[in-house]
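The values are calculated or read from the model by the stated rules, or taken from the named source; none is laboratory data. Given the structure is predicted, the values throughout are model-derived calculations rather than measurements. Cβ sites come from the backbone with ideal geometry, for glycine too, and all protein chains shown count toward neighbours.
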Amino acid sequence: MNKIFINSRFLTQKITGSQRFAIEISKQLKKLEPEKFVFVTPKDIVHKDLAKELDAKIIGFNTGHIWEQIDLPLYLKKNGSPLLLNLVNTAPIFYKNKIVTIMDLSWKHFSYAVSKKFYLWYSFLIPKIAKNSKLILSISEFSRKNLVKELHINLTKIEIISCSISDSFKPLNFNREKIILSVGSLQPYKNLLSLIKAFIKLKNENKLKDYKLVLIGGQNKKALKSVDFSDYLSRDDIKFTGYIPDEKLIEYYNKASLFVLPSFFEGFGIPPLEAMACGCPCVVSNAASLPEVCGDAAYYVDPYDINDIAKGIEKVLTDDKLRDELVRKGFKNVKRFSWESSAQKVIEILKTL
């Protein structure tokens, strides 16, 4: 296998789920095949320790999309046009010797939650890089089928590379508190308004006395214009934390009595796995990739039915046997996924090209 170059623009970006995937896969690739991969990046690196760990090489003069579309392909062509692995949705359009990773098409299905500029750029970019790449990586069977349907791509051109979680997510010595937890950006497709309404319904029925609903996740300004949480911000029993570091997040997973993710759409769904790894039982929607990822280790609800979401919350909180079973199955389910095995699959795929 010749040297393979990795588009490491993610070293210059804020960490979201997509960047997390790229970072963890890159770290494992470097560990498994330290001499096979060359990580190239623009100069505006923000994750300096990680760049050092990957021995990333700064190339070009520009930054952002201009670097990716001009500096990066020019550099590669001057160096023999090697295979380029792109791990975060975007890639140079006019460089054909490449593999692209397309996580999902949430931006297409929920266009009102992203800026017009973002939507137009992705609508132009994604179909083109999907068409002229050698191979596409995606993160679930659900996402793969969605790419085939929306972008008219042959199924055999797409390989699944699963996400996973950090080993830091594990049971700690905390007592469970009366906390119902949800984790994820405050996007419309996370369906948090329905979760809030289900929570309030149970409160009004005196079924969740002393419980608090804690919503953890960054606040996208564009998304918040399409989802109005203003009626609930002053409630003492509903808490919006915004972004918090992993250490605090792990503490919440260990303190919560229940984790709930009633999403309409998920390309993969890492938070339920994090909750399971910390011994927190999960209620999730029966939509998109969640049944694929959570298996038999979650209680499923209809995301379009507030009454069903409320029923699921009440059922898991009041049925000790079911809750213990979900915790046990959750620990088992998490073992299906690891960043090392996902990176190893990438290596095996690369050997076939």
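Is region 76-92 home to any residue that is part of a helix (DSSP H, G or I), farther than 15 Å from LEU125 by Cβ and in contact with a Ser or Thr (Cβ under 8 Å, 6 or more places away or on another chain)? Can you show your working first?
First, the residues of region 76-92 that are part of a helix (DSSP H, G or I): 76-78.
If we keep only those that are farther than 15 Å from LEU125 by Cβ too, we end up with 76-78.
Applying the additional criterion that residues be in contact with a Ser or Thr (Cβ under 8 Å, 6 or more places away or on another chain) yields none.
No, every residue in region 76-92 fails to be part of a helix (DSSP H, G or I), farther than 15 Å from LEU125 by Cβ and in contact with a Ser or Thr (Cβ under 8 Å, 6 or more places away or on another chain).
The condition (being among the charged types (D, E, K, R) and part of a loop (DSSP other than H, G, I, E, B)) is satisfied by just one residue among LYS170, LYS149, LYS128: LYS170.
Any idea which of LYS351, LYS329 is more than 18 Å from the chain's Cα centre (by Cα) and either surrounded by fewer than 18 Cβ atoms within 10 Å (Cβ to Cβ) or in the same structural domain as SER18 (by TED's automatic domain parsing) (or both)?
Numbers: LYS329 fails: either surrounded by fewer than 18 Cβ atoms within 10 Å (Cβ to Cβ) or in the same structural domain as SER18 (by TED's automatic domain parsing) (or both).
Exactly one of LYS351, LYS329 is more than 18 Å from the chain's Cα centre (by Cα) and either surrounded by fewer than 18 Cβ atoms within 10 Å (Cβ to Cβ) or in the same structural domain as SER18 (by TED's automatic domain parsing) (or both), namely LYS351.
Looking across region 323-348, the residues that are touching a residue at least 40 places away in the same chain (Cβ under 8 Å) and not in a helix (DSSP H, G or I) come down to ARG336, PHE337, SER338. For region 230-258, the candidate set comprises residues that are under 25 Å from LEU322 (Cβ atoms) and of a type in the set (Phe, Trp, Tyr); within that set, the residue that is surrounded by the fewest Cβ atoms within 10 Å (Cβ to Cβ) is TYR252.
Confirm whether PHE110 is surrounded by fewer than 19 Cβ atoms within 10 Å (Cβ to Cβ), free of Cβ contacts under 8 Å to residues at least 40 places away in the same chain and among the hydrophobic types (A, V, I, L, M, F, W, C). Spelling it out, it is not the case that PHE110 is surrounded by fewer than 19 Cβ atoms within 10 Å (Cβ to Cβ), free of Cβ contacts under 8 Å to residues at least 40 places away in the same chain and among the hydrophobic types (A, V, I, L, M, F, W, C).
Would you check which residues across region 285-301 are without any contact (Cβ under 8 Å) to a residue 60 or more places away in the chain and over 20 Å from LYS203 (Cα atoms) and list them? Listed by number, the residues that qualify are ASN286, ALA287, LEU290, PRO291, CYS294, GLY295, ASP296, ALA297, ALA298, TYR299, TYR300.
In region 1-30, the residue that is nearest to LEU84 (Cα to Cα) out of those that are surrounded by fewer than 18 Cβ atoms within 10 Å (Cβ to Cβ) and in contact with a Lys or Arg (Cβ under 8 Å, 6 or more places away or on another chain) is LYS3. The listed residues are LEU120, LEU137, and the only one of them that is aliphatic (A, V, I, L, M), buried (at least 19 other Cβ atoms within 10 Å of the Cβ) and not assigned by TED's automatic domain parsing to the domain that holds GLY269 turns out to be LEU137. Cβ-Cβ distances below 7 Å connect no pair with a first residue in region 88-101 that is free of Cβ contacts under 8 Å to residues at least 12 places away in the same chain, a second residue that is outside any loop (DSSP other than H, G, I, E, B) and buried (at least 17 other Cβ atoms within 10 Å of the Cβ), and a separation of six or more residues or different chains. Filtering region 9-55 to residues that are touching a residue at least 40 places away in the same chain (Cβ under 8 Å), closer than 28 Å to GLY242 by Cβ and not in a helix (DSSP H, G or I) leaves GLN13, THR16. Taking (1) under 18 Å from LYS345 (Cα atoms); (2) surrounded by 13 or more Cβ atoms within 10 Å (Cβ to Cβ) in turn, VAL148 satisfies each apart from (1).
The residues of region 142-183 that are under 28 Å from VAL214 (Cα atoms), under 15 Å from the mean Cα position of the chain (by Cα) and among the hydroxyl-bearing types (Ser, Thr, Tyr), listed by number, are SER162, SER164, SER166, SER182. For region 240-268, enumerate the residues that are part of a strand (DSSP E or B) and either at pLDDT below 95 or acidic (Asp, Glu) (or both). PHE240, THR241, GLY242 - these are the residues of region 240-268 that are part of a strand (DSSP E or B) and either at pLDDT below 95 or acidic (Asp, Glu) (or both).
Of all residue pairs spaced 6 or more apart or on separate chains, those with beta-carbon atoms under 8 Å, a first member in region 199-212 that is in the same structural domain as ILE313 (by TED's automatic domain parsing) and surrounded by 10 or more Cβ atoms within 10 Å (Cβ to Cβ) and a second member that is of a type in the set (S, T, N, Q) and not in a helix (DSSP H, G or I) are TYR211/SER257. Consider SER115 carefully, then state whether it is surrounded by fewer than 18 Cβ atoms within 10 Å (Cβ to Cβ) and modelled with pLDDT under 95. It is true that SER115 is surrounded by fewer than 18 Cβ atoms within 10 Å (Cβ to Cβ) and modelled with pLDDT under 95.
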